[in-house]
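The block underneath contains the structure these notes are about, expressed in structure tokens.
The values are calculated or read from the model by the stated rules, or taken from the named source; none is laboratory data. This is a predicted model, so every value here is computed, not measured. Glycine gets a Cβ as well: all are built from the backbone with ideal geometry, and neighbour counts include every protein chain shown.
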Amino acid sequence: MLWNTFFDRCNRTRTILIANSLEAGLPVYLISNSYNNKMDMSGMSMGGGMSMGSMDMGSGVPNLFVLQKMFWAVVGAAIGCATAVNVCNKLLCRQRLVSSHCTGITG
Amino acid sequence: MMATSAAIIREASNASLTIPFGNSPAWVTPTVGRMSLVLAEFVVVMVLCFYGLHPSDQWEWEDIGYRTGFIACCQLPLIVLLAGKNNIIGFLVGVSYEKLNWLHRWTARMLLLTVTIHMGYWFADWYRYDYITVKLKTDAITQRGFAAWVILVWIVFSSMAPIRRWNYEFFVVQHIITYVGFLAAVYLHLPAEVKVWVWIPIVLVILDRTLRSLSVVCTNVSIFHPTARRRSFWASKATFEPLDPETTRITIASPPLRWTAGQHVLLSCHTIAPLQSHPFTVASIPSDGKMVFLVKSKAGGTKRYLRYAEKLGLPLTETPMDHRHHRAVTIEGPYGRMRPLKQFDSVMLIAGSSGGTFTIPLLRDVIQSMKSGNSGPNPRWSWMTNPGAATRYIRFVWVVKSRAQYSWFSAQLVEAMQDVAQLRRQGHDVELETSIYVTCDEDFIATSKNDPPQVGCGSRELSALKPVVSQDEKPIKDDTSPSSISSKSSIEQFKKPSCGPNGTCCCQTTIEDEDAITNATACECHCGSDVSSETAEKPVTPQDSISSDQPLTPAKPEYTAADTESMTMLSGRPQPRTLIRKMLEQALGESAVVVCGPKGLVTNARQSVVSLSDERAIHKGTGAQGCYLHAEAFDY
């Protein structure tokens, strides 16, 4: 844990130093440590209980790409439920019409 | 259990609050269903943006910046999926694109919130070192991101109702242009790993546009219709006839596409109104063999159609027109989707003013299904086709501005009643009740705020004796007989113009119970120094109605008064709650309420359905059957 805290503080310091590099015209996202840590960490072991591919803060938090998939999992589930309701409605319509025709109640 | 859940979800989804604002019109909140969906999206986005992070910790602000950026860019495809006319989500869930447009707007607002948080945390992080302006001036990524944010702010701002409705054509053009700019800025702002989230919406837009273009070509070019006799390259030819001083009837004699009742198409005639395409409901049914549109003249393209029709001066006739009078039109569609009404035991159709163009085809389609099902079992029917109709009772209510408006569809209504009478004579248990309400109440017949004010009398003071009213009811004095009025009353002094078109009497009394009306005066109105009274007439034969107006279509021969005795024409406005309750009380299965009209009428009907569903405890052990609601409001 001590190592993680040290590493975190280094990241912050690097961020400040990176700001100075802007004068050199370098794009920030290529040199930003926070972003690169997210990209590079998946294959690295940091020890101290930090999970692979996770954010550099906290453990057990999925990485950014997994969170994007989670968003679409929720949206997909909602669309899936609405689709199931739609299919049920169509089957119900069919059943009602066939039933009324067979029993000759109307039409 | 499923029925109970469905009933509870329907009640909750359609419920809304009415918040009075003194003398101003009351504000009706969005439905609980819509608000819940938006709230759910908000919660999901916020959880994904902040889970496992600590916003108060300044050393995590960069992490939040990255996180919110990733969550923001993954929302882009959803916005486009909800916007397209060939809507994948709409196809899956059984909802048409225009019903999803509100969700498209709110998803975009959620995106704006997310990117604002994204930008905010980055700015907060740099602000500590006084670095915001340095970044904005020197860093290309920051510049592109900020540009994207500014464009998105404009997109969301310009899509708000007052601006959107001010000039819709301008709104659409600038919306597409700014969206392209927004996507370009976002693409340049994002790192390579997440650029796929920009490619997906681009592909979806291209797919939608390609499908639409192919559909337009296949629909309108003659070579794709080999079975039909086509004289020219362009398959869609229409005639334009003036129906009344405000309405044009557009008829396509040989429609190049198939549609179902209640659907609409995008129609354009570039020789009359260049570069404009408008959605119009098809006012005829496929068995008519032609597509008819009744287009209300407002500003822009619809006004041009009317002017052209008046200039041409073609007589209104059912016979096919000379081809010289045909104009090439482009139709795209059909669009629009709802549950088939013929499956419901009881159907109530409520229309306000030009909403009749939506409900009349639905009515005729249900009756047509009843007749086709009557022809006996067909062994060729497969699971794909739906034979006959399960409908037993139809209640048709149309609120019109004047009797002239009723004459748009008088012949079709008479025919519908004749068909039902014929079915009854054959021993089928079907019933059709029709009521036409003539009123000038804006809540029930207004089509837009730009409608010209009523001409005729000026405003004057009236003392009103009234009944149960809806929140915006301004009743007219009735000294003689309260037979049509309930026992509850309140006296109000108010000023309101209350004359109908051309200074005719205009009644805004709410008619609580049609059956209670006799020959007593339902309302009284004043026109200058003249006092006239309007009697709630019942019943009136369609012969009287048609003969009192200029005959616009050939009268149907050979019908008896008995066939049409279930039609009622009344002066005043309906009480949707009473009408719906009566229908629900006699229903043996699930009922459907379809309402199409101005927002006031639609809101009234929606609130009535919700409160009746709760009052009757539908599917909660009382035996009351379900009620499905489909609402179409005049909106864009």
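Summary of values
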| read-out | value |
| --- | --- |
| Residue that is surrounded by the most Cβ atoms within 10 Å (Cβ to Cβ), among those in segment B:71-102 that are touching a Phe, Trp or Tyr at 6+ places or on another chain (Cβ under 6 Å) and under 23 Å from B:GLU332 (Cα atoms) | B:ASN87 |
| Residues located in segment B:55-92, provided they are of a type in the set (Gly, Ala, Ser) and assigned to a helix (DSSP H, G or I) | B:GLY65, B:GLY69, B:ALA72, B:GLY90 |
| Close pairs (7 angstrom Cβ cut-off, 6 or more residues apart or separate chains): part of a loop (DSSP other than H, G, I, E, B) and surrounded by fewer than 13 Cβ atoms within 10 Å (Cβ to Cβ) in segment B:222-237, β-branched (Val, Ile, Thr) and at pLDDT 65 or above anywhere | B:PHE233/B:VAL221 |
| Test set (1) within 23 Å of A:ILE79 (Cα to Cα); (2) part of a helix (DSSP H, G or I); (3) within 13 Å of chain A (Cβ to nearest Cβ) - B:VAL95 fails condition number | (2) |
| Test: residue in segment B:398-408 that is among the basic types (Lys, Arg), more than 14 Å from B:MET348 (Cα to Cα) and within 14 Å of chain A (Cβ to nearest Cβ) | no |
| Filter result (more than 10 Å from chain A (Cβ to nearest Cβ) and closer than 22 Å to B:ASP63 by Cβ) within segment B:124-143 | B:ALA124, B:TYR127, B:ASP130, B:ILE132, B:LEU136 |
| In segment B:58-72, residue nearest to B:VAL216 (Cα to Cα) [restricted to those that are within 8 Å of another protein chain (Cβ to nearest Cβ) and in contact (Cβ under 8 Å) with a residue 60 or more places away in the chain] | B:PHE70 |
| Criterion: among the basic types (Lys, Arg), surrounded by 16 or more Cβ atoms within 10 Å (Cβ to Cβ) and over 30 Å from B:TYR179 (Cα atoms) - qualifying residue of B:ARG249, B:ARG258, B:ARG212 | B:ARG249 |
| Enumeration of residues in segment B:289-308 that are assigned to a helix (DSSP H, G or I) and either among the small types (Gly, Ala, Ser) or surrounded by fewer than 17 Cβ atoms within 10 Å (Cβ to Cβ) (or both) | B:GLY301, B:LYS303, B:ARG307 |
| Qualifying positions in segment B:73-92 - over 20 Å from A:VAL87 (Cβ atoms), of a type outside the set (A, V, I, L, M, F, W, C) and within 13 Å of another protein chain (Cβ to nearest Cβ) | B:GLN75, B:PRO77 |
| Whichever residue in segment B:41-54 is facing another protein chain (nearest Cβ under 7 Å) and in a loop (DSSP other than H, G, I, E, B) and, among such residues, is farthest from A:VAL66 (Cα to Cα) | B:LEU53 |
| Residue within segment B:575-588 that is farther than 20 Å from B:TRP398 by Cβ and modelled with pLDDT under 85 present | no |
| Count of segment B:579-601 residues which are hydrophobic (A, V, I, L, M, F, W, C) and crowded, with 24+ Cβ neighbours inside 10 Å | 7 |
| Among the residues listed as B:THR68, B:THR116, B:THR107, the single one being among the polar types (S, T, N, Q), farther than 22 Å from B:SER13 by Cβ and surrounded by 18 or more Cβ atoms within 10 Å (Cβ to Cβ) | B:THR68 |
| Qualifying residues in segment B:9-50 (those that are free of Cβ contacts under 8 Å to residues at least 60 places away in the same chain and more than 23 Å from B:THR107 (Cβ to Cβ)) - the one surrounded by the most Cβ atoms within 10 Å (Cβ to Cβ) | B:LEU17 |
